[in-house]
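No lab work stands behind these numbers, since they all come straight from the coordinates. Only a predicted model underlies this, so the values are computations on that prediction, with no experimental measurement involved. Every residue, glycine as well, gets a Cβ built from its backbone with ideal geometry; the counts of neighbours run over all protein chains shown.
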Amino acid sequence: MGQQGLVFAFEPQRIVFQTLCANMALNSLDNVHCINSAVDETSGTLMLFDPDPHVPNNFGGVQLAMITGAPQAAPVERLVLDDFLNTDRLKLIKIDVEGMEAEVLRGARRTLARFKPILYVENDSVDKSPELVSLLEDSGYRCYWHLPGYASSNNYFESTEQMFPVAFVDRGDTYLDAIGVAVNLLCVHASLGMPVERLRPLTDREEHPFKREYVHLFSGSGDAAVPVIKG
C-alpha cells in the first residue's frame, strides 16, 4: 500500500485500542485510522469491561461475549461497515473478530456488492464455519484455505528458531484442535477473475480442517501440510 492509501483499524477493548494507537505512532504509520468501536451487523452500544492487563492473557483472542455486560463495563460504540465507510475505493477487508465474522459481513453487504474487495477472514470455529462460508459464497466469493504458522522464517530478526510447534491435535474430542497455526480464508470475488496459487480451494461448505473426515486434506505431504498428533 502506498502513502495515498488508508487503513481503518477497529478495536473495541479500551486498553488494546490504546496499545494499537501506540504501535501506530511508534512506527510513524500516519495513514492508519484507529477506531475504538466494535463492528457488527447492527449499530448501537455495547457495555464492555477491560480484562486486567496485569494478568497474562491472549487479549487478541477475547470474545465480546466474554467481556459484555459486567458490572464494571463502559459503553462502546457498535457500528456497521455499510454505514461507516464513505469512500470511492476499497481493496481489502481483514476480519478477525473471534466468532463474529458472519455478523461483520452481514453488516457489509452493500460494501461487498459495490467494491468486491479481497477478504481475509478467520475461520477457526467448526460450528460457525458453514454459515460463514455460505454467506461468502452467496456474496459471489471463492474461498481458499490459508493455514499460516504463528512463526515465520521471514521475520524481522531473521531467526530460524521454531518458537511455536505446528500441528493438529487429536484429543479424542468431537473435533480436532490446533497449535501454532491459524485457520483463515482468502476470499476473492468471482467477477475479478484473479488466479490464486498454492492455496487449497474450499469445495464443500461443510469442510473444515478440524473435522476428522477432512483433516487429511490439510495434513498430507507438501510445504503447507500440518501434521496430526495425539493430545
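Among Gly180, Gly149, Gly172, whose mean-square fluctuation peaks in a Gaussian network model of the chain (Cα, cutoff 10 Å)?
Top of the fluctuation ranking is Gly172.
Arranged by the count of other C-beta atoms within 10 angstrom, fewest first, what order do Cys187, Cys34 take?
Ascending number of Cβ neighbours within 10 Å: Cys34, Cys187.
How much net charge surrounds Leu176 when only the other residues with a Cβ under 12 Å from the Cβ of Leu176 are counted, with Lys and Arg +1 and Asp and Glu -1?
-1
Looking at Thr19, Val121, Gly149, which one has the Cα that reaches farthest to the positive end of the dipole of the chain (charges on Cβ: Lys, Arg +1; Asp, Glu -1)?
Among Thr19, Val121, Gly149, the one farthest towards the positive end of the dipole of the chain is Val121.
Return the Rg/Rh ratio of region 153-231 with Cα-based radii and a Kirkwood Rh.
For region 153-231, the value is 1.02.
Students often forget the sequence filter, so: which lysines lie under 27 Å Cα-Cα from Lys211 once same-chain residues fewer than 8 apart are removed?
The reachable lysines, counting only those whose Cα sits under 27 Å from Lys211, are Lys94, Lys128, Lys230.
At 222 nm, what value in deg cm²/dmol follows for the chain if DSSP H runs of at least 4 each add -39500 (n - 2.57) and the sum is divided by all its residues, to the nearest 500?
-4500 deg cm²/dmol
How much length is gained if the chain between Leu192 and Ala25 is pulled fully straight, taking 0.36 nm per residue apart and subtracting their Cα-Cα distance, in nm to one decimal?
Full extension from Leu192 to Ala25 adds 56.6 nm.
Considering only DSSP beta bridges with both partners in the chain, what is the antiparallel share in %, to the nearest 5?
Antiparallel: roughly 60 percent of the beta bridges in the chain.
Could you point to the label whose value was computed as Kirkwood radius over Cα pairs in Å for the structure here, given (i) 19.1; (ii) 19.5; (iii) 18.6?
Computed from the coordinates, Kirkwood radius over Cα pairs in Å corresponds to (ii).
Can you list residues whose amide H is under 5 Å from Ile95's amide H, if they're 5+ apart or on another chain and H is modeled 1.01 Å from N?
Placed amide hydrogens put Tyr120, Val121, Glu122 under 5 Å from Ile95.
Estimate the FRET efficiency between Thr42 and Ser159 by the formula 1/(1 + (r/R0)^6), using the beta-carbon distance for r and 45 Å for R0, to the nearest 0.05.
0.55
Quick check: pseudo-label points 7 Å beyond the Cα along Cα→Cβ at Leu217 and Ala9, how many nm apart are they?
About 3.3 nm separates the two model spin labels.
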